[in-house]
Structure formats: structure tokens, C-alpha cells
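For reference, the structure discussed in these notes is given below.
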Amino acid sequence: MGIITDIFLPLALAFIMFALGLGLTGADFLRVLKQPKDFLVGAISQIILLPIIAFILIKIWPISPELAIGVMIIAAAPGGVTSNILTSFAKGDVALSVSLTAIISLLSVITVPFIIITSLNLLDLNNVSQNISLTNMALSMFLIVTLPVILGMIIKKILSNFVLSFEPIAKKISIFLFVLVLIGAILAERNNVIAYFAQAGLITLVLNVVMMIVAFYVAQLLGSGIAQKKCIAIECGLQNGTLAIFVATTLFGGGVYLIPAATYSLIMFATSLIFVFIIKKID
């Protein structure tokens, strides 16, 4: 993918995370202490349950190892920034959504490498995992994900008046960049997309729908309120597709590995909008 992979993709992801940082305050992190149960339910659903469900699916689904790894990459990704918007549409807990997106994105420097390496070992793909440096992966994640978020928060603190007017523009640019990355990835891998779309599309559709339903009822089982249940379900359904595409291209050279991230990113908005329409009426 050349220039797209080496330059545009990392910069696009960095800007998206920077824009996320511009919208954060200390209260978004302190909310963990104020709503520990709801935050833990959301975090466990996203970081633990989602990869487990994804792993079960790839073990019972007849797909190639490359697609299986791709599914685990999108499952390991944190929630996407658009989850906050859809949570608002669903009359869910937007503040909790922001906290989950922010903190899990920062934790992804640890969680994403761990989930991917663990998945490779459990799939007996040791020949692949041996070529991946956990340290290098974590460092790349820190530079492209964590650092831009921190930088955004610092700039918000220093230039609060400027950020007040620029943040809405930054969010629109982020959505535009995500669309460009997705289109670029699909066009660059169009032969693989056509060949593997049916396989990757079906398993990512099932993963997406099952996870939103599971997250909703797990939150209900653990006593979360209706607004919090809506938030947690949406947060687990909308993944950071740009980050997943970045990981697939950086670690595995793209190709078939990024197809699940692309199909999931296409599917998740349609399924999430339907899900929002259904749960919006629940009080």
C-alpha cells in the first residue's frame, strides 16, 4: 500500500486520537471512581468478553488463519470515537461512553499486543508470533495512539479557547479521515476484498451483533441502569477500525489480514444504527 501504509495511515490514526484527546477532561477519568461498577462492566465486556467471543467464532468457523488473525485484530481494538455520538442518539450514558473510549484507548498500548500475541499462540501460529516484537508493537501503539491523546489533552489545557472552537472541526476531520482510510484499504486490497468478503463479512457481522446483545444483557445482569446498558452495548459494537487497519498493515503487511477490519468497519454502522433504533425506545 506504499505511501498510504507508511505515511497517511499512521498520521490519520494519530490525528483521530489527538482529536479524542481534545475532548477529554480530568472528569472523564475521575468518572471511573464515581461509576466504578458501570466502567468495569464496560471495560470487561470490551477487553475480555469481545476477544473471547471472537476467538470462539474463529475456532468454529471454517476460515483461513489470515482471516482468523484479522478477526482477532478488530476484536482487540478499542471502541471507536463515533460510539459517543450513537450513544447520544440512543439516549445512553454519553459521559460513560467517553470515559470507556478514552481509557480503553490508552490501555490499548498493552491490551492490543497482548490479545494478538495470545491469539497467535492459542492458534498454534508460533511461526507468525516469533516474527512479532511485543516491545515494538507496544512502542508503535504508544506513539500513534497514547501520545496523541495526551498531547490533545495538554493542548486543551493550554489553549482552551482555541480548542473550544476547533474540537468540533477536529471530530469532523476524524470521521473524514476514517472514511478515507477505509476506502483506501478496500481499494488497495480490492482483489482480496472481493475474494474473501463473504467469509469475512459473515463472521464479522455475527461477531458485531452477538457482542452488542451479550454486552447489553451482561450489563443488565450486573445491575447497570438502562442508559448505561445502552452505552456499554454500543461501545462494544463500534470498534476503532482505523487502529485495526493500522495494526493489520504494520504487523502483517495488510493483505487478507486487514479484510475483517474493513468488513467490520462497513457493517458496524448499519448494525449499530438498527440497534440504536431498537433500544432507543427502551426506558
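Would you point out the residue of the stretch 155-167, among those that are surrounded by 12 or more Cβ atoms within 10 Å (Cβ to Cβ) and without any contact (Cβ under 8 Å) to a residue 60 or more places away in the chain, that is nearest to residue 106 (Cα to Cα)? Applying the filter and picking the extreme gives 159. As a summary of the residue check, residue 181 satisfies the conditions (1) closer than 22 Å to residue 277 by Cβ; (2) under 15 Å from the mean Cα position of the chain (by Cα) except for the one numbered (1). When the stretch 184-208 is filtered for residues that are surrounded by fewer than 17 Cβ atoms within 10 Å (Cβ to Cβ), β-branched (Val, Ile, Thr) and in contact (Cβ under 8 Å) with a residue 40 or more places away in the chain, only 206 remains.
Quickly run through the stretch 1-60 and pick out the residues that are of a type in the set (Lys, Arg) and crowded, with 16+ Cβ neighbours inside 10 Å. Spell out how you get there, then give the answer.
So in the stretch 1-60, the residues of a type in the set (Lys, Arg) come out as 31, 34, 37, 59.
Across the stretch 1-60, the qualifying residue is only 31.
A Cβ distance below 9 Å, combined with a sequence gap of six or more or placement on separate chains, defines the contacts here; from the stretch 47-65, residues that are over 16 Å from residue 108 (Cα atoms) reach residues that are part of a helix (DSSP H, G or I) and aromatic (Phe, Trp, Tyr) in the pairs 63/196; 64/196. A count restricted to the stretch 234-283 and to residues that are without any contact (Cβ under 8 Å) to a residue 12 or more places away in the chain and assigned to a helix (DSSP H, G or I) stands at 4. One residue alone among 197, 216, 178 is in a helix (DSSP H, G or I), aromatic (Phe, Trp, Tyr) and farther than 22 Å from residue 46 by Cα, and that residue is 197.
Filtering the stretch 209-243 to residues that are modelled with pLDDT of 90 or more and within 20 Å of residue 66 (Cβ to Cβ) leaves only 239.
The values are calculated or read from the model by the stated rules, or taken from the named source; none is laboratory data. Bear in mind the structure is a predicted one, so any value in this text is a computation, not a measurement. Neighbour counts are summed over all protein chains in view; Cβ atoms, including those assigned to glycine, are modelled from backbone coordinates with ideal geometry.
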